[in-house]
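Visitor: Take this structure, written in structure tokens, and hold onto it; I'll ask about it next.
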Amino acid sequence: MPQKRSPRRGSLAFYPKKRAARIYPALSTYPQVDKPKFLDFAGYKAAMLHAILMDNRKGSPTFGQEIFRSVTVIECPPMKVLGIRAYRQTDRGLKVFNEKISEIEKNLDKVFKIRLIVSTQPKLSGIGKKTVELFETSMGGKDVKENFAFAKEWVNKEIAAKDVFKEGELVDVVAVTTGKGTAGPVKRFGVTIQSRHAKEKRRHVGTLGQERPGKVRPTVPMRGQLGFQTRTELNKRILKIGEKGEEITPKSGIRGYGLVKSNYILLEGSIPGPKKRLIRLRAAIRPSKVKLLVPEIREVVR
């Protein structure tokens, strides 16, 4: 009888599956933009709701009709700009040059890249958190002098979501997924459960590989970390950027989150991570043909 064969069920696209370095991600890649502008923002995942929209996508079978869509609420209190960080180019990549504005201004000819140091303001949100998150945010533009002048204007000021994105724009979502601890190969990779004849075990791999070379290859599905990994989802459309959280918050509050007290963003579809986790939103790096499509929201079902 021929041996039954099938492709592997577990994906190795994100291997190795190890824990993220911290609970909120760092961005290293941004789209190329000619003029100085903000390219990313951050907010706290609050809940998933449903929205009734008018389908304005040309060529869609439901064009001009009401459609039902799942949406994610991200509370986005303004971010505060704390300072500027300058980088210089070396043989081993970018190295921090200086963070003093006066020193940077004197040595702009040695600066290769300008970034802003920003912090979140969770006290303005509904999660009841005190500790802020600190991270870098990049800017568009190719001229260092223009970028420095742009960054200098925003020091000690607040950045709102409307200063970065527009309604109908595509963004990339970068977040740390929900942590699930240590899992076996069946749950982690979807391997087939063995029969009782297989070494009196069921939820294990039949073999760890061939005899030579005398080592276990990284492609062998084994137990290990599941979840709490940095993942990026491309081209999520912004349906709405609101300023009054009570518009979408039930009277009893959102279960597991509370009240949305600050600005918020409605994203079409789902995103990684649990509630209350910080989510990074970046300008789309590989946008589709329709980059801007402002939707008509009829109702948000709370």
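Visitor: Which residue fluctuates the most in the chain, going by a Gaussian network model with Cα springs under 10 Å, if the choices are 256, 245, 59?
Guide: Among 256, 245, 59, the largest mean-square fluctuation in the Gaussian network model of the chain belongs to 59.
Visitor: With just the Cα atoms of region 1-88, tell me how far they stretch along each of the three principal axes, in Å, largest first.
Guide: Over region 1-88, Cα extents along the principal axes are 70, 45, 31 Å.
Visitor: Turning to a different aspect of this structure: Evaluate the relative contact order of the chain (contact order divided by residue number), counting alpha-carbon pairs under 8 angstrom at least 6 apart; express in whole percent.
Guide: Dividing the mean separation by the residue count of the chain yields 30 percent.
Visitor: I've got another one for you. Would you mind checking region 54-94 for residues with the amide N under 14 Å from a putative spin-label position 7 Å along Cα→C-beta of residue 112?
Guide: Residues passing the 14 Å test: 86-94.
Visitor: Now, a different point. Hey, what's the per residue convex hull volume over the C-alpha atoms of region 78-159, in cubic angstrom?
Guide: Convex hull of Cα atoms, per residue: 102 Å³.
Visitor: Kirkwood Rh, Cα Rg: Rg to Rh for region 175-294?
Guide: 1.16
Visitor: Within region 197-290, how many lysine pairs that are 8 or more places apart, or on different chains, have C-alpha atoms less than 14 Å apart?
Guide: The result is 4.
Visitor: Stokes-Einstein D for region 71-207 at 25 °C, 0.890 mPa s, Kirkwood Rh over Cα pairs, in µm²/s?
Guide: Result for D is 127 µm²/s.
Visitor: Do the sum for the chain: with -39,500 (n - 2.57) for every DSSP H run of n ≥ 4, divided by all residues, what is the mean residue ellipticity at 222 nm, to the nearest 500 deg cm²/dmol?
Guide: -2000 deg cm²/dmol
Visitor: Over the chain, what portion of Cα pair distances is larger than 27 Å, expressed as a whole percent?
Guide: Counting pairs separated by more than 27 Å, the tail of P(r) holds 54 percent.
Visitor: Using Cα-Cα distances under 8 Å and only pairs 6 or more residues apart, what relative contact order does region 231-302 have, in percent?
Guide: 40
Visitor: Here's something else I'd like to know. Could you derive backbone 3J(HN,Hα) for region 75-83 from the dihedral phi with the Karplus parameters 6.51, -1.76 and 1.60 (θ = phi - 60°), listing whole Hz in sequence and x where the residue is Gly or Pro?
Guide: 7, 10, x, x, 9, 9, 8, 9, x
Visitor: To continue, here is another question. Quick one: longest stretch of the chain between exposed loop chymotrypsin sites (Phe, Trp or Tyr not before Pro), exposed meaning at most 12 other C-beta atoms within 10 Å and loop per DSSP?
Guide: Answer - 64-302.
Visitor: Oh, and also: Please count, across region 111-188, the pairs of lysine residues with Cα atoms under 17 Å apart that sit 8 or more places apart or on different chains.
Guide: Within region 111-188, the lysine pair count is 5.
Visitor: Continuing with the same structure: Please identify which residues in region 99-126 have an amide N closer than 12 Å to a label point set 7 Å out from the Cα of residue 82, following the Cα→Cβ vector.
Guide: Only 117-121 fall inside the zone, counting backbone N under 12 Å.
Every read-out reported here was derived from the displayed coordinates using simple, explicitly stated rules and does not represent laboratory data. Here the structure is a predicted model, which is why all the values come from computation and not from measurement. A quick note on method: Cβ atoms are made from the backbone with ideal geometry, for glycine too, and the neighbour counts reach across all protein chains shown.
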